[in-house]
Amino acid sequence: MDVVIARERELGEIVADEIATLIDARPDAVLGLATGSSPLRIYDAVAQRVRDGELTLARARGFMLDEYVGLPPGHPCRYSTVIDEDFVSRVDFAPGAVRGPDGDAADLTRACADYEDSIREAGGVDLQILGIGTDGHIAFNEPGSSLASRTRVKTLTAQTRTDNARFFGGDIDAVPYHCLTQGLGTIMDARHIMLVATGDAKAEAVAHLVEGPVSARWPATILQHHPRVSVLVDDAAASRLA
Ligand code: F6R
């Protein structure tokens, strides 16, 4: 596990460099896309390069990590809408090249199995972008998640619903109770993982991730067993590292 401490803007450029190198070598590479605040600088940097004609994602594909249950297509807080606004609409993916688990499916268990199949059929994820929750979750694998889990339905913790209420106009009652999420085992199958965390609120989770024992209590710690992980943090998020 490599740990890089830099300013937030630089962190975005570092991951964008890695994406550019990957796409150069393999234009049809598969990217794993996180939603939320943490990857925004990455998406800004990649979008800028696409606008400048330095990079194209025309043959690349993307798989999202997770989705809320019960938000219909087009809902402003549905992660498929959010990733479209934050990233997909700003670059040149082919139509349909970015997929997410369908949190509005009639059969959620089936939707999870289909999602696992579609990642496998695409050849797996080459580069997975991750954020981390204040409670140490990655994707929506909350504390207590099986370290070998696959895509499935999960209940969001009160902490995560509180953290994410800001995306729902501050109204915690509007935040769904359930989600579909790639499992920790699914994420661990990615060939390269880059996790970005910024700000004081992430410092405890980052300290566990990098220095703590591997435990379902802090799900991100499973990444210590991955052969190729980069943890990119600013000074505040690094402040509790020894
Ligand atoms: C989002 C996701 C979550 C977030 C995490 C951090 O797809 O899977 O694990 O990465 O909740 O969220 P932010 O970046 O908003 O602090």
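Tabulated values for the structure
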item: Tabulated pairs, the stretch 126-144, first within 14 Å of Ala205 (Cβ to Cβ), second among the polar types (S, T, N, Q) and near the ligand (Cβ under 6 Å from one of its atoms), C-beta under 9 angstrom, 6+ apart or interchain; result: Leu130/Ser38; Gly131/Thr35; Gly131/Ser37; Gly131/Ser38; Ile132/Ser38
item: Test: residue in the stretch 124-134 that is under 24 Å from Ala220 (Cα atoms), surrounded by fewer than 16 Cβ atoms within 10 Å (Cβ to Cβ) and not aromatic (Phe, Trp, Tyr); result: yes
item: Scan of the stretch 115-144 for residues that are of a type in the set (A, V, I, L, M, F, W, C), away from the ligand (no atom under 11 Å from the Cβ) and within 17 Å of the chain's Cα centre (by Cα), ordered by number; result: Ile119, Val125, Leu127
item: Whichever residue in the stretch 145-173 is without any contact (Cβ under 8 Å) to a residue 60 or more places away in the chain, under 20 Å from Arg78 (Cβ atoms) and more than 12 Å from the ligand (Cβ to nearest atom) and, among such residues, is surrounded by the most Cβ atoms within 10 Å (Cβ to Cβ); result: Thr151
item: Long-range neighbours under 9 Å by Cβ, at least six apart or interchain, first residue on the phi > 0 side of the Ramachandran plot within the stretch 73-86, second at pLDDT 95 or above; result: Gly74/Ser80; Gly74/Thr81
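The values are calculated or read from the model by the stated rules, or taken from the named source; none is laboratory data. No experiment lies behind these values; they were computed from the predicted model shown. Glycine also receives a Cβ, built like all others from the backbone with ideal geometry; neighbour counts cover every protein chain displayed.
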